[in-house]
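Accompanying notes for the structure given below.
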Amino acid sequence: MDLPPTISARHERGGAPHDAVPTAPRATSGSRSGAPKTPRRFLPEVQALRALAVGLVVIYHLYPRAAPGGFVGVDVFFVISGFLITSHLLREVQAKGRISLPAFWAARIRRIMPAAIVVILAIVVATLIWWPSSLWEEITRQGLASLLSVQNWVLALDSVDYMAQENQPTALQHFWSLGVEEQFYIFWPLVVLAAAWLALALARGAKRRNGGRGRRAALPVTSASSGISTERFAAAPVRIVAAVLFAVIIAVSLGYSILLVNSGDAAAYFVTTARVWEMAAGGLLAAMLPAAGWAAPVWLRNLTAVAGVAVLAWVAFSYVSGKTPFPGQGAILPVLGTMAVIAAGRTAGWGSLHRLTDAAPVQWVGNISYSLYLWHWPVVIVFKQVVGTAPRWWQALALIALSLALAAASYYFVERPARTWRFTAKHTWRAVGIGAVATALAAVVVAVPAVRAQAITTQQASAAAELLKAPPKGFGAQAWDTSSGAPFVSGTAITPIPGQAARDLPKWRDCVSAWDGDQVRRCEFGDTSSGVEVALVGDSHAGQWIGAMDAVGRERGFKVVTYVKNSCPFSFTPRELEKTRKLVCSTLNQQTARELAKAKPALIIFTSWNGSTYAGDAVEGFRKPMEQFAKSGIKTAVLRDSPSLTDEPETMARDCVAQNLQDPEPCSLPRHLSLPKEPAVAAAKKVKGAATIDTASWFCDEEQCPSVIGNVLVYRDANHVSNTYALTLTGRLGDAIQRLLPDAAR
């Protein structure tokens, strides 16, 4: 996911000028330095960078293996935007002695919002046609966030919310980077203005120290009609002060980004505070380069540009999403590579890339790159939703062609007309007002999916409530005893309904520790007055059984003690995630093991997600604690994990059922795909006295693992069992535990 170019490199006729690159005419090989006599306002290399960036992003989204680091295109766009915006602002403050904030923001509205609104509305229509109603409320939430330019913060919150981490990527997810940029546009003019005021103050101080000699420094002025401004101050070292201020911002933001990334905080990828340094780096380059560009020998500028492109190519094909610390220190190279290409300016002659960068197709893709960014991701997501698989090579080519066509139409019929419309081009407040009205009207349309979803949910909830009033024979897991696990034993009502399945959780209070927590909480359930203890240990797949274990304990007369931490199987071998995220499992598990050894429960039940990967021997990681407990005379058992009812981890069973309410058979998965081998089960076979509770027959017949059994939705997401279905398994679970308890504890 990455950022579209949101700034034009050309001057816009009428109104505030769009961001133009202060550079020179083409250098010739006969020139020693290639230094220009007069500056030009267009740099083809910037458009070529945009084409490269959006191309990498498109490839990454279609075939991540082809360009595993293609996501760095976002960093290229951030640097470009920072450079162009800052160049424009510095020119304005030096030429006019002021920055017209309303005019600046109106220009951003004309540039960004029209195409963005069109794409958002198109996504809403696609949602109503092709997506299940269980996802409509989420589309509305992200649609409103995208309209308000806060999508990055919404995704940041989701990234640290364990229950939201498995959410299916939406067609609006790519608006996160647009949000980062638009937030940058809000405060960056104020930063440049602060640099101008500080420069003016320094100039006054120097004048006083010189006894009043030199050019008179004028007082700052505030104008209600044209924004905050200062009078002209040619003697003030604006660029020097700005460069220092930008460098401080870079240091603080980059340091914060590195800190977040190294702590494993997934929000680092989305939050503006961890990304602003990249745009500030472009601003620093704008402040340091003279107005006419970098007056260096042609050969040096050619070499600099080639080196910059080489760096970008290397990171695009060597970085790996999820394994390269990013953004943080991982973003430094793509930022430097982009800065090198921009700093080199116009290149020519032997050893340059100008024939490639100036090529008409490259420039055309650069021109439409903003619209291409907006359209390509929805096209990819809609294809996967409709077809159900990733595109093959020929399908990928067709998707690229479709994205280019939509982008071209958007550019020629939406972007350019909106920028040059006379009604708003020379009237700042008209642009602001029309932008606000258009956003408000779009928000009304974006709310439609949520309104319709609520109506559907109300209708389904009413039918589910009637079902629960008098559960039919064969309800839930009882269907295995009466009708071979048939989806429906009475009507077609389902509980929990797909739109509410995510909230169908056990009442575990605060007894499931957060994945990034530094402790594992101990909680008691069941018959808490009993002297017989059964311990339940593991990750969220242990947590899904808390409600059923509580019911079994109350019914059978034993205390249930839980040690559950999200994302942490009870293993002494670290998970792979512990390398890249703020996740501590193995050391906490050893502490819990010591506590359990002292408590000596009658039985310890291990269970965890069978999809976890480990940084070492997975079987040995489970065998060691089991062996320790066995030596202490404590019996252990592995509760085999529930099947994962999808071969796509981000695909929710509830969403499939929402699309197939009358016949959920298509939402089943073959048994052999749903029940992979588990390291904990293999470990139990190596420990004397350890047992396994095989749950396969609770969820699957000989061929299929259904998503609906006895009118009950089995899963609340991609792999967690709904509490409603788990409660229908208390008889089976209780019998299995009762058989394993020592005779004295039965």
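FYI, it's all coordinate maths here, none of it is from the lab. Note that this is a predicted model, so its numbers are computed, not measured. A quick note on method: Cβ atoms are made from the backbone with ideal geometry, for glycine too, and the neighbour counts reach across all protein chains shown.
Worth pointing out:
- Geometric descriptor of the chain, per residue, is 185 Å³ (volume of the convex hull of the Cα atoms).
- Beta bridge orientation in the chain: antiparallel %, DSSP, nearest 5: 45 percent
- Taken about its Cα centre, the stretch 467-745 carries a charge dipole of roughly 1040 debye when the Cβ of each Lys and Arg holds +1 and the Cβ of each Asp and Glu holds -1.
- Considering only Tyr185, Leu43, Trp277, and ranking their Cα positions along the charge dipole of the chain that arises from unit charges at the beta-carbon of Lys, Arg, Asp and Glu, the one farthest toward the positive end is Leu43.
- C-alpha long axis of helix 238-262 to longest principal axis of the chain, angle in °: 10 degrees
- Cα gyration tensor shape for the stretch 320-388, rounded if a/c is under 1.5, else prolate or oblate: oblate
- Rounded to the nearest 20, the size of the Cβ-charge dipole of the stretch 44-448 about its Cα centre is 1960 debye, with Lys and Arg at +1 and Asp and Glu at -1.
- Relative contact order (%) - criterion: Cα under 8 Å, at least six apart; region: the chain: 16 percent
- Computed from phi, the 3J(HN,Hα) profile of the stretch 604-611 under the Karplus parametrisation 6.51, -1.76, 1.60 (θ = phi - 60°) reads 10, 9, 9, 7, 7, 5, 7, x Hz, with x in place of Gly and Pro.
- For the stretch 427-507, the list of trypsin sites (Lys or Arg not before Pro) that fall in a loop by DSSP and count at most 14 other C-beta atoms within 10 angstrom reads Lys473, Lys507.
- Helical runs assigned H by DSSP (4 residues or longer) give the chain a calculated mean residue ellipticity at 222 nm of -16500 deg cm²/dmol, each run adding -39500 (n - 2.57) before division by the residue total.
- Label-point separation in nm, Arg355 to Leu300, each point 7 Å along Cα→Cβ: 2.6 nm
- Inter-site label distance for His672 and Lys688 at 7 Å from Cα along Cβ, in nm: 3.7 nm
- When +1 charges are put on Lys and Arg Cβ atoms and -1 charges on Asp and Glu Cβ atoms, the dipole computed for the chain relative to its Cα centre reaches about 3820 debye.
- Neighbour cut-off at most 10 other Cβ (10 Å), DSSP loop, trypsin sites (Lys or Arg not before Pro), the stretch 314-411: Arg392
- Ser490-Gln519 FRET efficiency (beta carbon distance; Förster radius 41 Å; 0.05 resolution): 0.35
- Helix 369-387 vs. the chain, principal-axis angle (Cα, 0 to 90°, nearest 10): 20 degrees
- Shown for Ile249, Ile120: other C-beta atoms within 10 Å of each C-beta, ranked fewest to most, produce the order Ile249, Ile120.
- Cα long-axis angle, helix 44-62 against the chain (0 to 90 degrees, to the nearest 10): 10 degrees
- If you plug the beta carbon distance of Leu190 and Val320 into 1/(1 + (r/R0)^6) with R0 = 51 Å, you get a FRET efficiency near 0.85.
- Gyration tensor verdict on the stretch 467-745 (Cα atoms; rounded if a/c is under 1.5, prolate if a/b is larger than b/c, oblate otherwise): prolate
- The stretch 467-745: relative contact order as a whole-number percent, Cα under 8 Å and 6+ apart: 26 percent
- Residue (of Ala726, Val125, Leu588) at the positive-pole extreme of the chain, dipole from beta-carbon charges: Val125
- Each residue of the stretch 282-375 gets 136 Å³ once the volume of the Cα convex hull is shared out per residue.
- Antiparallel DSSP beta bridges within the stretch 467-745, as percent of all bridges there, nearest 5: 35 percent
- Rounded, prolate or oblate (a/c below 1.5 giving rounded, otherwise prolate when a/b exceeds b/c) for the stretch 44-448 by Cα gyration tensor: prolate
- The simple Förster model, with R0 at 56 Å and r as the Cβ-Cβ distance, assigns Ser697 and Ala443 a FRET efficiency of 0.65.
- Extreme residue, positive dipole direction of the stretch 467-745, given options Asn711, Phe699, Val534 (C-beta unit charges): Val534
- In plain terms, the residue of Thr389, Thr636 with the fewest other Cβ atoms within 10 Å comes first and the most crowded comes last, giving Thr389, Thr636.
- Listed pairs Lys507/Lys600; Lys469/Lys677; Lys507/Lys598; Lys473/Lys686; Lys323/Lys688 exceeding 32 Å between Cα atoms: Lys469/Lys677; Lys473/Lys686; Lys323/Lys688
- The residues Trp188, Trp299, when put in order of fewest to most other Cβ atoms within 10 Å, stand as Trp299, Trp188.
- Exposed-site-free run, longest, the chain (rule: GluC sites (Glu not before Pro); DSSP loop; at most 10 other C-beta within 10 Å): 1-701
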